[in-house]
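Enquirer: Can you read through this structure? Questions will come right after.
Rule-based calculations on the coordinates, nothing more; no lab input. All values derive from a computational prediction rather than experimental measurement. Neighbour counts run over all protein chains shown; Cβ positions are idealised from the backbone, glycine included.
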Amino acid sequence: MFCLAPLQAGVLAQQPTGSIPTVTGSPSGPMVTPKTGAGTENEINVRSGPSRDYARVGVLVIGQYAPALGKTPGGDWILIAYPGAPDGTGWVYSPNVDIIPLVDLPIVEPPSTPTPRVTPTIDPTLAAQFIVEIPATRLPTFTSPPPLVIPTFIAVAPIGGSSGMPMGFLIIGLGVVGMFGALISLLRGR
């Protein structure tokens, strides 16, 4: 028989310097993965709370799975185990993910509403540039128009005195005399 013990004691082996991969079991229970298909992004945001008002703590890329822990009372957001977040959990918008297998998740109470990062304020110097002061003006007043002067016509006495002869008779008489004169000049010129 061979005795290998003395040979092995003299051989020096290199110690691993990096992390040693270990075999871990896949978590059981429902998992979420980003939806694939037309119109979707390559990644979805993971937030610290169930709203777009919360800070983004990471992303899930297509093909990546995360354990689903619960959902909001309305079911719009899903709580997942996300090691990159400060407390190890994150929230994803439920229309953007598929739940495998499709199960009803327990309802989880969402965290308190985040404090806004910046309080919106108005710069008074900038706002003063846009304040328009309208100067006071006199309102128009009603002034009554001057009274209308309506002309009146006075009856005028007929021209030529008070003779009783009508004017038309005089015109006809002069026309007859003129015709008579024309007739005489015609006959004389013969």
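Enquirer: For the peptides 165-172, 46-53, what is the packing order when you average, over each peptide's residues, the other Cβ atoms within 10 Å and list the highest mean first?
Expert: Top to bottom by mean Cβ count within 10 Å: 46-53, 165-172.
Enquirer: What does the extension gain come out to for T137 and L174, with contour length at 0.36 nm per residue minus their alpha carbon separation?
Expert: Answer, rounded to one decimal: 5.8 nm.
Enquirer: I would also like to ask the following. To one decimal place, what Kirkwood hydrodynamic radius in Å is obtained for segment 27-110 from all pairs of distinct Cα atoms?
Expert: 12.6 Å
Enquirer: Can you list the residues, at least 5 places off or on another chain, whose amide H is less than 5 Å from the amide H of Y82, using H built in the peptide plane?
Expert: Under 5 Å from the amide H of Y82: T89, G90.
Enquirer: In square nanometres, what is one fourth of the surface area of the convex hull spanned by the alpha carbons of segment 79-150?
Expert: For segment 79-150, the mean projected area of the Cα convex hull comes to 16.3 nm².
Enquirer: Once you have the Cα-Cα distance between D98 and V149, take 0.36 nm times their residue separation minus that, and quote the gain in nm to one decimal.
Expert: Gain on extension, D98 to V149, equals 9.1 nm.
Enquirer: Exposure proxy check: L174, L79 ranked by fewest other beta carbons within 10 Å?
Expert: Starting with the residue having the fewest Cβ neighbours, the order is L174, L79.
Enquirer: Sort 132-142, 68-78, 99-109 by packing, meaning the average of other beta carbons within 10 Å per residue, with the highest value first.
Expert: For the peptides 132-142, 68-78, 99-109, the packing ranking is 68-78, 99-109, 132-142.
Enquirer: Report the full-extension gain for the segment F130 to I184: residue separation times 0.36 nm, less the Cα-Cα distance, to one decimal in nm.
Expert: Here the segment from F130 to I184 would lengthen by 9.3 nm.
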